[in-house]
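Student: Below you'll find the structure I mean.
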Amino acid sequence: MTNADTPFELRLATTGLAALCWMVGPVTAQESKGRESAIVARPTLVCADRPQGVRPPPRRLAPIPRPTEKGRNTGEEVEAPASVLGTKAPCPEGKVPVIKARSSKVEKGNPLLGPDPGREILKFEGERRAEFIRRSARSFEDVYRAAKPKRDRTPPPAPPAAPACNGVPYYGSCYYYASAGFATIADGAGMRLSIEKPQYVNTGGSGHSLNELAVQGGSGNGNIVEIGWLVSTEQYGNANPHIFVFHWKNWAPTCYDACGWVQWSSAYHPGMDLGSAVGKRVYVGYVLFQGDWWAWFDNQWMGYFPGSEWGGNFTKTSLLQWFGEVASANGIPPRTDMGTGRLPPAPRAARMTRLCDVDANAWVCWYRDRQSLAETIASYYDIRRFAFGAVRYGGPGE
């Protein structure tokens, strides 16, 4: 932690990132020309008081291999004991950076979401929208255990009818996934991810490219907390990766980076620009602590979603997913990269390692080699296991 009142303080080194609290106003008319008016391109960050009466988890969760499983790769990297990014807190002591909620025409996806070929979801809001999503959501078995056709690298032919989408049509965009999933009862999950800057193309309309961990439970796995990085010029105002968090309540989506989020870290925050960290690897995760879902980023607890968001009924996981996601409006094939833009098993493909599930009693995050893998279209974006509890994923789209 970076606050002075905790015994687990971890001092952060100064870098070229902003050292003072900053506020950015709405885009100008010239900047917003040609964009949809509902999209706020640049978020507003303010320095707020750190929440009082809050006690974060006592220490980090060490990702260690499950001792009963074989095949551990002994050549894996050693977890960095200090900050990988070395960023300086953007707010004065006692203050934390808080981002204001933004609206976006591009919805958050999930590998379990079913298709909406008729764009019917556009008609619904609130609970009617959540019910529509719940009805179309697929099971773990549907996504990960269905028979897969033989892989080939030949892109499928484009269908003649519009809208052109051979991925998962949802909310007016076309979604593609490269995902690892593990159905298990746990107290959270984690991974070590590589921060990348995929090429993002929005000539056909708004979209995104991201990498994340989704911790899921409840009916139909619809209670979810997420953390990762996301690239979208419409959402964040530039083409760099940014930290994001998101949560769902019984398959009702909320909003990025806010909507109940409680900020704790004085250094890392949702919406933070990670442009200077591209190519580096950080540990991220969630753990249920005293009823709340606390998120870890790099070397400290970043903040939490209160358990009250789910009425105290989201206290265990039933499914964990680690995945890359592309939302595209560019037709077939999609033009946006996922990860580094390289297909696995290329060594330079993006990676997710130490895919782990939390045992809060032992206070460890066990990583194993039992995750099931799935991809929407392997010739665009693929995922392959390359070491114990480790995968490479991504691709160039077209």
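The values are calculated or read from the model by the stated rules, or taken from the named source; none is laboratory data. What you see is a predicted model, and the numbers here were worked out from it, not measured in a lab. Here Cβ is always computed from backbone atoms with ideal geometry, including for glycine, and neighbour counts include all displayed protein chains.
Student: Does Asp257 meet the test of being among the acidic types (Asp, Glu), under 18 Å from the mean Cα position of the chain (by Cα), over 25 Å from Phe182 (Cα atoms) and surrounded by fewer than 24 Cβ atoms within 10 Å (Cβ to Cβ)? I'd like the intermediate steps shown before the answer.
Tutor: Values: among the acidic types (Asp, Glu): yes; under 18 Å from the mean Cα position of the chain (by Cα): yes; over 25 Å from Phe182 (Cα atoms): yes; surrounded by fewer than 24 Cβ atoms within 10 Å (Cβ to Cβ): no.
So Asp257 fails the test.
Student: Name the residue that is surrounded by the fewest Cβ atoms within 10 Å (Cβ to Cβ), counting only residues in region 341-361 that are over 18 Å from the mean Cα position of the chain (by Cα) and within 22 Å of Gly324 (Cβ to Cβ).
Tutor: Pro347
Student: Hey, among the residues in region 362-388 that are assigned to a strand (DSSP E or B) and aromatic (Phe, Trp, Tyr), which one's surrounded by the fewest Cβ atoms within 10 Å (Cβ to Cβ)? Full working, then the answer.
Tutor: Just the residues of region 362-388 that are assigned to a strand (DSSP E or B), to begin with: 364-367, 372-375, 382-387.
Then drop every residue that is not aromatic (Phe, Trp, Tyr), which leaves 366-367, 386.
Values: Trp366: 25, Tyr367: 26, Phe386: 14.
Checking each candidate, the answer is Phe386.
Student: Output the number of the condition that Ala239 fails; it satisfies all remaining conditions of (1) crowded, with 24+ Cβ neighbours inside 10 Å; (2) small (Gly, Ala, Ser); (3) at pLDDT 95 or above.
Tutor: Among (1) crowded, with 24+ Cβ neighbours inside 10 Å; (2) small (Gly, Ala, Ser); (3) at pLDDT 95 or above, the lone unmet condition for Ala239 is (1).
Student: Moving to a separate point now. Here's a check for you: in region 177-229, which residue that is assigned to a strand (DSSP E or B) and of a type in the set (Asp, Glu) is nearest to the chain's Cα centre (by Cα)? Outline the logic, then answer.
Tutor: Initially, region 177-229 is screened for residues assigned to a strand (DSSP E or B), giving 177-182, 188-194, 208-217, 223-229.
Checking which are of a type in the set (Asp, Glu) leaves us with 212, 226.
Details: Glu212: 3, Glu226: 5 Å.
Looking at residues that are assigned to a strand (DSSP E or B) and of a type in the set (Asp, Glu), I get Glu212.
Student: State whether the residues of region 159-180 include one that is touching a helix residue (DSSP H, G or I) at 6+ places or on another chain (Cβ under 8 Å), closer than 18 Å to Gly324 by Cβ and buried (at least 24 other Cβ atoms within 10 Å of the Cβ). I'd like the intermediate steps shown before the answer.
Tutor: Pass one, region 159-180, residues touching a helix residue (DSSP H, G or I) at 6+ places or on another chain (Cβ under 8 Å): 170-172, 179.
Applying the additional criterion that residues be closer than 18 Å to Gly324 by Cβ yields 170, 179.
Restricting the remaining residues to those that are buried (at least 24 other Cβ atoms within 10 Å of the Cβ) gives 179.
Yes, region 159-180 contains at least one residue that is touching a helix residue (DSSP H, G or I) at 6+ places or on another chain (Cβ under 8 Å), closer than 18 Å to Gly324 by Cβ and buried (at least 24 other Cβ atoms within 10 Å of the Cβ).
Student: Going through Ile383, Ile332 one at a time, which residue ends up being in contact with a Pro (Cβ under 9 Å, 6 or more places away or on another chain), modelled with pLDDT under 95 and among the hydrophobic types (A, V, I, L, M, F, W, C)?
Tutor: Ile332
Student: So in region 300-335, with the set limited to residues that are among the aliphatic types (A, V, I, L, M) and assigned to a strand (DSSP E or B), which one is farthest from Gly181 (Cα to Cα)?
Tutor: First, pick out the residues of region 300-335 that are among the aliphatic types (A, V, I, L, M): 302, 319-320, 326-327, 329, 332.
Adding the requirement that they be assigned to a strand (DSSP E or B) leaves 302, 319-320, 326-327.
Working: Met302: 24, Leu319: 7, Leu320: 6, Val326: 17, Ala327: 20 Å.
Applying the filter and picking the extreme gives Met302.
Student: Additional query: Anything in region 290-299 that is farther than 16 Å from Pro51 by Cα and either part of a strand (DSSP E or B) or free of Cβ contacts under 8 Å to residues at least 60 places away in the same chain (or both)? List them, or say none.
Tutor: Scanning region 290-299 gives Gly291, Trp296, Phe297.
Student: Further question on the same structure: Would you say Gly341 is more than 19 Å from Gly228 (Cβ to Cβ) and either at pLDDT below 95 or outside any strand (DSSP E or B) (or both)?
Tutor: Numbers: more than 19 Å from Gly228 (Cβ to Cβ): no; either at pLDDT below 95 or outside any strand (DSSP E or B) (or both): yes.
So Gly341 fails the test.
Student: If you don't mind, another one. Any residue in region 370-385 that's within 18 Å of Leu113 (Cα to Cα): show its pairings with residues that are of a type in the set (Phe, Trp, Tyr) and in a loop (DSSP other than H, G, I, E, B) at Cβ separation under 8 Å, as long as the two are six or more apart or on different chains.
Tutor: Listed pairs, sorted by first residue: Glu375/Tyr381.
Student: Specify the residue that is farthest from Gln235 (Cα to Cα); the eligible residues are those in region 267-289 that are in contact with an Asp or Glu (Cβ under 7 Å, 6 or more places away or on another chain) and assigned to a strand (DSSP E or B). Walk me through it before giving the result.
Tutor: Initially, region 267-289 is screened for residues in contact with an Asp or Glu (Cβ under 7 Å, 6 or more places away or on another chain), giving 268, 270-271, 278, 282-283, 287-288.
Subsequent filtering for residues that are assigned to a strand (DSSP E or B) retains 282-283, 287-288.
On the way: Val282: 23, Tyr283: 24, Val287: 27, Leu288: 29 Å.
Taking the candidates together, the pick is Leu288.
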